[in-house]
Amino acid sequence: MKRIRYAVAGNGWRAMFYVRAAKNLPEHFELTGVLCRTQEKAEAFEREQGMRAFWSLDALLETKPDFVVVCVTKKALAGMTMDCLAQGVPVLSETPLAIDLPTLAALQRAQQQTGTPLEMAEQYFLYPSHQARRALVEDGLLGPVHSVWMSMMHDYHGISMLRAYLGEESGPVTIRARRLTSPIVHTGARPGYVAGGGIEDENRVLAQLDFGGGRVGLYDFAGSQYHSAIRTNHLRILGTRGEIFDDEVRWVRQDGRPARATLVYHRDEITGTIRAIDFDGRRVYENPFRCDAAMTEDDIAVSTVLMRMGGRLGGGETHYPYAFRDSYLSIVMTGLAAEGGEETVDALDWH
């Protein structure tokens, strides 16, 4: 099988997921190079990671990747994406595509004018756990899904997950949002848990997104949930015939009797990587990759995104057709939360 060749613009925490994908699965991926901000950082990256690194975009593109994963700061993301599109280089952009409406509109025009493929690296719906839950929803176990409470991820990611379980919007979306600020003890960040942390502000956004047709998404999230020892993530999916709450499922069987079961995770005994997920005696997810490398759900999802991007460039379906819509709805929701307001918008304008 031909390997997917890609380059990564950026070398921060998020960019390292794409570096690890090439290291974990060399039979699938070839990383042609990484872009760093300075020569010193590029040289240090090469020493530490054993992979080629550059400090200019032109030099990175000379490695002839199939596409570039643009994984720089949110403020610089759209500009570098447009630079790549202008040179005819396909882009897999980190999230979100842009952080304000004028920039989002400019990026959309650039993509339309150049015709160069642009995809957003939305990965959460490809987590093994979410793929298993989505399989149950798509099988009709819950009946028609009419509401989802999502307290798992921020902004555009949260909107993407609401869409994954409710289906795409069919017209105008009504958004109500507000921000709540309350004190919380700091217990951790990306490097890990900490002891003796001080009290800081926790900013929580509460939003309701009415997708029409009786389908409502409830968004409830604070950034502290990602790394806190005292905040947890939860998901509740409500359908006519049942519900999923995290890994527990309750539903009505065809004979009319209520039933209850949980998702069962099978992990590699050495690496801990998810091999498969079962439900009620049947398999609902199987990892398509090797499990002899330690891969989190995020690592598996990112690798899946890279495979889908390779398929897209090979003539397959787009990886994520809702990229502009999610970015747009997220910008609107964030603005409304700051003031506490309501607005009805047409996300279909952002195809």
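No lab work stands behind these numbers, since they all come straight from the coordinates. Just so you know, these numbers come straight off a predicted model, no measurement behind them. Don't worry about glycine lacking a Cβ; one is built from the backbone with ideal geometry, like all the others, and counts go over all protein chains shown.
Observations on the structure shown:
- Distance in nm between pseudo-label sites at GLU138 and LYS64 (7 Å out along the Cβ direction from Cα): 3.6
- Estimated from the Cβ-Cβ distance and a Förster radius of 45 angstrom, the FRET efficiency linking TYR193 and GLU286 is about 0.90.
- The aspartates and glutamates whose alpha-carbon is closer than 13 Å to the alpha-carbon of LYS75, local same-chain residues fewer than 8 away aside, are GLU94, ASP100.
- Taking the helices alone, the chain has a mean residue ellipticity at 222 nm of -10000 deg cm²/dmol, built from -39,500 (n - 2.57) per DSSP H run of at least 4 residues and averaged over all its residues.
- Distance between region 177-216 and region 28-60 - C-alpha centres, whole angstrom: 35
- Most fluctuating residue given options PRO96, PRO183, PRO117, as computed from a GNM of the chain linking Cα atoms under 10 Å: PRO183
- Net charge of Cβ neighbours under 12 Å - reference THR318; Lys, Arg +1; Asp, Glu -1: -1
- Using R0 = 30 Å, the C-beta based FRET efficiency linking GLN113 and ARG52 works out to 0.45.
- Stretching the chain fully between ASP247 and LEU180 yields a gain of 21.3 nm (0.36 nm per residue, less the alpha carbon separation).
- Given (1) -0.43, -1.07, -1.21, -1.35; (2) -0.42, -1.16, -1.33, -1.48; (3) -0.48, -1.09, -1.18, -1.25, the label whose value is log10 I(q)/I(0) by the Debye sum over Cα atoms at q = 0.08, 0.13, 0.14, 0.15 Å⁻¹ derived from this model: (2)
- Two tests apply to each whole DSSP H helix in the chain, Cα reach of 18 Å or more along its axis and mean Kyte-Doolittle hydropathy of at least 0.0, and the ones passing both are 74-86, 297-313, 323-339.
- Listed residues LEU141, GLY223, TYR265: farthest to the positive end of the dipole of the chain (Cβ charges): TYR265
- Relative contact order computed over region 4-121 (Cα-Cα under 8 Å; 6+ residues apart), in percent: 23
- R0 of 35 Å, Cβ-Cβ distance GLU200-GLN254: FRET efficiency to nearest 0.05: 0.10
- Fraction of antiparallel bridges per DSSP, the chain only, in percent to nearest 5: 70
- GNM remark for the chain: springs join alpha carbons under 10 Å apart, and the peak mean-square fluctuation among GLY315, GLY143, GLY272 falls on GLY315.
- The relative contact order of the chain, computed from alpha carbon pairs under 8 Å that lie at least 6 residues apart in sequence, is 18 percent.
- Entry note, region 127-295: relative contact order of 23 percent, from Cα contacts under 8 Å with a spacing of 6+ residues.
- Shown here is the pair-distance distribution of region 140-187: with all Cα-Cα distances grouped in 10 Å bins from zero up to the longest one, the shares run 17, 46, 24, 11, 2 percent.
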